[in-house]
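Written below as structure tokens is the structure these notes are about.
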Amino acid sequence: MRCIGMFDATSSRDVTEPDLWHHGDSDLGHNLVDFAVNVRLPRPPQWLMERLTTDVDWASYPNTEPARQTIAAHHGVDASMVLPVAGAAEAFTLIARAIKGTSVVVHPQFTEPEAALLAAGRQPRRHLLDARTGFTLKHQRVPAADLVLVGNPTNPTAVLHTAHSLMALSASVLVVDEAFMDALPDQSESLIAADMTGRLVLRSLTKTWAIAGIRAGYVVGDPTLVRLLAVQQPPWSVSTPAVAAMVACCRAERAEEADTLAREAVQYRSDLVKRLQGIGLRTVQGAAPFVLLDTSPISATSLRGLLAERGFAVRRGETFPGLGPTWLRLAVRTPAQHEQLVEALIQIKEDSCPSL
């Protein structure tokens, strides 16, 4: 039996142009349990708070060199391949200004790359991955371009593409957003390597260490391309606290803690997926600490408002090209919070489909 207003999400198409400038923090609300924002911890660890507030030279202009050297050592690359940035969002703006020519953005993914290209007066081409194949990357189907941008693991699908499929893309410059790669215990599909000719990888410290407000990220890649980005970067755009955070989080002694958080996220993700599938909902197979959920078995419209009424904030899907309003992205939280969310979905399902 099908609920009133139900439809087949694989055959329907939302023709409304997505709001590329919408982000998950806009879906938050007062006193709502946060499933909308992909930050793993409620607050930074105590050791990081102490590092950010002790012996920090606030009077001097920022110096990113300590961060650059620490990040280079962390990844085993030359320091000329590293550029600290004020979050990955700044990196997309620098790329849009510095890397010329035709561009392709692989969607669904974080919308900031396309938004940055549009803001720079560019007209990128979209390549949409298919929900029917689990949003997996078929490299031979992606159009060739001077600049190709793709996420891995991809936000919002959580799909982890193989390094082989990414390297097979036809691009003069390949940009891979690896903002969530450090949330995976095995980062084997990362494209960070000693030789990154024609490649740029973006990383973020926000998700693992709960420092979204500090704006701490970095680029690793082809030294020639890194220099092009550096020319576009405003002076002192990376703050002194951001530099301190990069140095503290990328030190070797933090590797074990980061790995523990990543392994915990894998377990918690599995818990959330099992609970959602247990009530008949479809989830996209992925690896990142969030889950893309298809709610079309319950409703033809977004459940975001109904979940907010029951105390939960979720990330709407319709602002991502290639998705529609029945898709929701859910951040991985604790099993207890997962149970509460699923209970709310059951209530909505029973209200919408009382005969089921």
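Overview of results
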item: Estimated translational D of the range 91-138 in µm²/s (Stokes, Kirkwood radius over Cα pairs; 10 °C; 1.306 mPa s); result: 139
item: Cβ-defined net charge surrounding residue 106, 13 Å radius [Lys, Arg +1; Asp, Glu -1]; result: +1
item: Net lengthening on full extension, residue 266/residue 162 (0.36 nm per residue, minus Cα-Cα); result: 35.6 nm
item: Most to least accessible of 333, 310 (protein chains only, probe 1.4 Å); result: 310, 333
item: Additional length obtainable on full extension of the chain from residue 132 to residue 255, 0.36 nm per residue less Cα span; result: 40.6 nm
item: Accessible area in the full protein assembly, largest first, 1.4 Å probe, for 167, 49; result: 167, 49
item: Helical mean residue ellipticity (222 nm; -39500 (n - 2.57) per DSSP H run of 4+; nearest 500) of the chain; result: -9500 deg cm²/dmol
item: Cβ-defined net charge surrounding residue 261, 13 Å radius [Lys, Arg +1; Asp, Glu -1]; result: 0
item: Label-to-label distance, nm, for residues given as residue 224 and residue 285 (7 Å Cα→Cβ offset); result: 3.9
item: Residue 80 - accessible surface, heavy atoms, 1.4 Å probe, Å² rounded to 10; result: 50
item: Spin-label model distance (nm) - residue 197 vs residue 172, 7 Å beyond Cα toward Cβ; result: 1.6
item: Whole-number D in µm²/s for the chain (Stokes-Einstein; Kirkwood sum over Cα pairs; 20 °C, 1.002 mPa s); result: 102
item: Cβ-defined net charge surrounding residue 119, 11 Å radius [Lys, Arg +1; Asp, Glu -1]; result: 0
item: Residue among 75, 161, 107 with the largest mean-square fluctuation in a Gaussian network model of the chain, springs linking Cα atoms under 10 Å; result: 75
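The values are calculated or read from the model by the stated rules, or taken from the named source; none is laboratory data. Since the model is a prediction, treat every value here as computed from it, not as a measurement. As a convention, Cβ positions derive from the backbone with ideal geometry for all residues, glycine included, and neighbour counts pool all protein chains shown. For accessibility, only protein heavy atoms count, side chains too; no ligands or nucleic acids. Shrake-Rupley method; radii C 1.70, N 1.55, O 1.52, S 1.80 Å.
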